[in-house]
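Single-structure report; data block below.
The values are calculated or read from the model by the stated rules, or taken from the named source; none is laboratory data. None of the values given here were measured: they were computed from a predicted structure. In this analysis, Cβ positions are derived from the backbone assuming ideal geometry, glycine residues included, and neighbour counts consider all displayed protein chains. Accessible surface areas use protein heavy atoms only, side chains included; no ligands, DNA or RNA. Shrake-Rupley method; radii C 1.70, N 1.55, O 1.52, S 1.80 Å.
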Amino acid sequence: MDALAFVHEQMTGKKEFPKFKAGDNITVNYKIIEGNKERIQSFKGDVLKRQGSGGTATFTVRKISDGVGVERLFPLFSPNIESIVVNKSGRVRRAKLFYLRERQGKSARIKEKKQIHATARVKS
Amino acid sequence: MTSVFEPNGKQTACTIIEAGPCVVTQKKTVDTDGYSALQIAFGEAKEKNTPKAQINHFAKASTTPKSVVKELRNCSIDKQIGESITCDIFAEGEKVSVIGTTKGKGFQGVVKRHGFSGVGEQSHGQHDRSRAPGSIGGSSYPSRVFKGMRMAGRMGNDRVKVKALRVVKIFPEQNYILISGSVPGHNGSIVLIQN
């Protein structure tokens, strides 16, 4: 194992996350420390991108809050991330959905990925 | 360079350094050599590529040929020949300085090399002067260019000491040290850590 992978494994340990990618609608439960108190804030929105690799990987979540677009960037292995919940997985054709920033309303929606069941046709 | 999460949840930029084991290969003293120093060696070298004289020199310290040899003048570390210095001499949270050779940048202009801001503006009919050095001295007096005038030239590849870097974490088994911030040089370059 190289030094980089070793150090990241030692410092962050192994964390389990559900699989998610750009276009998915997720909820990030993030620990917020105010003085001595600790509380959990959830941030729900669409994943705009996943970026980086290894222990320094990050992802960006975008939501519309009171008509204003809000984006938040989370380090994937941050100890402050309590959990990640995948609400919907979207059907998108790009890895980075920056085009959503210029869209509003109906055109800013992401289609939900439908589970496709394979059907076999018997040829006579 | 990379970044790690510290126990308080903060992300810190840091550099991983493989610190040792450095074998003490020779002890120079005032009586025998005219000055006192500790000679340490690091990194494996192939025996077939090492001169016989050096192989025997390393054999005196009962060790294999090493690729890097360094003398530490007036070193306070008390180790005998053949013993090795590891990252144990550092403690977590300690401030250290790191000496290394910076990345070579080649022949660079004054804007990059000395932080000049160039001459003139981009518009208003001016052109080709935005990265120029400007005047380098008077014509009639002193009618020469002063020594040390900052001009374009080779940049980087200098020996640099970065002070007061914090030791974030130590992995004694692997001899890895995590030092906050960046250190001079490219990936895999040799540095000296001082406490």
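Of note:
- Considering the conditions (1) within 14 Å of chain B (Cβ to nearest Cβ); (2) open to solvent by less than 20 Å² (accessible area, probe 1.4 Å), A:Gln10 is excluded by exactly one of them, (2).
Let's see how each residue does on (1) within 30 Å of A:Ala3 (Cβ to Cβ); (2) within 14 Å of another protein chain (Cβ to nearest Cβ); (3) in contact with a Lys or Arg (Cβ under 7 Å, 6 or more places away or on another chain):
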{"site": "A:Lys31", "(1), (2), (3)": "yes, yes, no"}
{"site": "A:Ser42", "(1), (2), (3)": "no, no, no"}
{"site": "A:Ser53", "(1), (2), (3)": "yes, yes, no"}
{"site": "A:Arg62", "(1), (2), (3)": "no, no, no"}
{"site": "A:Asp66", "(1), (2), (3)": "no, no, no"}
{"site": "A:Phe77", "(1), (2), (3)": "yes, yes, yes"}
{"site": "A:Ile84", "(1), (2), (3)": "yes, no, no"}
{"site": "A:Arg91", "(1), (2), (3)": "no, no, yes"}
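Residue by residue, here is whether (1) in contact with a helix residue (DSSP H, G or I) (Cβ under 6 Å, 6 or more places away or on another chain); (2) closer than 30 Å to B:Phe5 by Cα; (3) of a type in the set (Asp, Glu) holds:
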residue: B:Ile99; (1), (2), (3): no, yes, no
residue: B:Gly104; (1), (2), (3): no, no, no
residue: B:Lys112; (1), (2), (3): no, no, no
residue: B:Phe116; (1), (2), (3): yes, no, no
residue: B:Ile193; (1), (2), (3): no, yes, no
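- Strands (runs of 3 or more DSSP E) wholly inside the stretch B:1-87 containing at least 2 residues that are more than 14 Å from chain A (Cβ to nearest Cβ): B:22-28, B:37-44, B:66-73
- Test for B:Ser123: is it surrounded by fewer than 17 Cβ atoms within 10 Å (Cβ to Cβ), more than 14 Å from chain A (Cβ to nearest Cβ), in contact (Cβ under 8 Å) with a residue 24 or more places away in the chain and assigned to a loop (DSSP other than H, G, I, E, B): no
- Residue selected from the stretch A:29-39 under the condition open to solvent by 90 Å² or more (accessible area, probe 1.4 Å) and part of a strand (DSSP E or B), by the criterion nearest to A:Asn87 (Cα to Cα): A:Arg39
- Selection count where residues are aliphatic (A, V, I, L, M), more than 18 Å from the chain's Cα centre (by Cα) and within 14 Å of chain A (Cβ to nearest Cβ), scope the stretch B:138-195: 2
- Here A:Phe17 clears all of (1) open to solvent by less than 80 Å² (accessible area, probe 1.4 Å); (2) at pLDDT 90 or above; (3) in contact with a strand residue (DSSP E or B) (Cβ under 7 Å, 6 or more places away or on another chain); (4) among the hydrophobic types (A, V, I, L, M, F, W, C) except the condition numbered (2).
Residues checked against (1) within 11 Å of B:Val23 (Cβ to Cβ); (2) in contact with a Phe, Trp or Tyr (Cβ under 6 Å, 6 or more places away or on another chain); (3) at pLDDT 85 or above; (4) open to solvent by less than 60 Å² (accessible area, probe 1.4 Å):
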residue: B:Ile55; (1), (2), (3), (4): no, no, yes, yes
residue: B:Phe58; (1), (2), (3), (4): yes, no, yes, yes
residue: B:Ser67; (1), (2), (3), (4): no, no, yes, no
residue: B:Cys75; (1), (2), (3), (4): no, no, no, yes
residue: B:Asp78; (1), (2), (3), (4): no, no, no, no
residue: B:Cys87; (1), (2), (3), (4): no, no, yes, yes
residue: B:Ala91; (1), (2), (3), (4): no, no, yes, yes
residue: B:Lys95; (1), (2), (3), (4): no, no, yes, no
residue: B:Thr101; (1), (2), (3), (4): no, no, yes, no
